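The values are calculated or read from the model by the stated rules, or taken from the named source; none is laboratory data. As the structure is a computational prediction, the values presented were derived from the model and not from experiment. Virtual Cβ from ideal backbone geometry, glycine too; neighbours counted across all protein chains shown. In case anyone asks, the SASA skips ligands and DNA or RNA and just uses the protein heavy atoms, side chains included. Shrake-Rupley method; radii C 1.70, N 1.55, O 1.52, S 1.80 Å.
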Amino acid sequence: MQRKAAIGVFDSGYGGLTILKEIVDTLHEYDYIYLGDNARAPYGPRSFETVYQYTLECVQWFFNQGCSLVILACNTASAKALRTIQQKDLLKIDATKRVLGVIRPTTEIIGNFSETKHVGILGTTGTIVSDSYPIEISKFFPDVKVFQEACPMWVPLIENNEHLSKGADYFVKKHLDHLMHQSEKIDTVLLACTHYPLLIDKIREYIPVGTTIVSQGEIVANGLKDYLLRHPEMEERCSKEKTVLFFTTDSTADFDKHAAIFFGKKVESKHLDLLAE
Ligand code: DGL
């Protein structure tokens, strides 16, 4: 019989904590290990090959901890690394393990939020350039028109705790204007980066009144719940002691201070040196 282990949750930095928070609220009986690759964040502007290599190293670390199921709580990693890991690496590493992303559960339902069938996507440059959202949404909602805008300054503003400062307004307004000018009919905007929920108050200030803003936390948590119901063989392999462990590849003091803002609770992390692994 397989050893039971925690569910792994991964992000380039802090953003995935907005997803973990909802997952823990929804599926509180399980154990979780969170890893933020803060030392190498942001992933958004990096090449396909680099994001893939970094993500694979982190996924391999989760597997070394015994995890059977890993969630990439990062759109950039989901867009640039997930498919190759699922189709190529898992076969070589262990075909019974699973890595899931955030794009699939989101694209399965995003069309339901829109009446006009005009949906806007805000994400990192990596996510937007990959075209993952338009491609995946067209499979589930062929009648939905997708408009995209990359917001390369948003993650650095959030990672540097400047997202509530006056200076952030310029970049929030600039990218929302670019998006909304693409079509007057956009009635739903997806925050397709797990960092962006921290900017939601500023986004509300600069988006036309009545626009539905969709964050992914609840969607991903419900998607995971559904996945575990449909896959009892995987559910069996997930341990249930209600623990949450946090790891960062950078300074734990910085992580703990900052992570509490994203997770909404006190966080005590351990340092992970990937080079020493
Ligand atoms: N939170 C990540 C995402 O959802 C992006 C952060 C980064 O650029 O590293 O795409």
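Just a few scattered comments:
- Residue in the stretch 250-277 that is least open to solvent (accessible area, probe 1.4 Å), counting only those that are among the small types (Gly, Ala, Ser) and in contact with a Phe, Trp or Tyr (Cβ under 7 Å, 6 or more places away or on another chain): Ala259
- Residue pairs meeting the criteria (Cβ under 6 Å; at least 6 apart or on separate chains; first touching a residue at least 12 places away in the same chain (Cβ under 8 Å) and open to solvent by less than 40 Å² (accessible area, probe 1.4 Å), in the stretch 125-138; second away from the ligand (no atom under 11 Å from the Cβ) and of a type in the set (S, T, N, Q)): Ile128/Gln148; Glu136/Thr107; Ile137/Thr107
- Tally, over the stretch 171-203, of residues that are open to solvent by 10 Å² or more (accessible area, probe 1.4 Å) and either farther than 22 Å from Val129 by Cα or free of Cβ contacts under 8 Å to residues at least 40 places away in the same chain (or both): 13
- Enumerated helices (runs of 4 or more DSSP H) restricted to the stretch 157-242, each holding at least 2 residues that are acidic (Asp, Glu) and under 26 Å from Val119 (Cβ atoms): 166-180, 200-206, 217-230
- Those residues of the stretch 1-30 which are part of a helix (DSSP H, G or I), open to solvent by less than 10 Å² (accessible area, probe 1.4 Å) and touching a helix residue (DSSP H, G or I) at 6+ places or on another chain (Cβ under 8 Å), in sequence order: Leu17, Ile19, Leu20, Ile23
- All helices (runs of 4 or more DSSP H) inside the stretch 42-139 with 1 or more residues being within 16 Å of the ligand (Cβ to nearest atom), closer than 17 Å to Ile19 by Cβ and of a type outside the set (Asp, Glu): 48-64, 75-80, 103-109, 125-130
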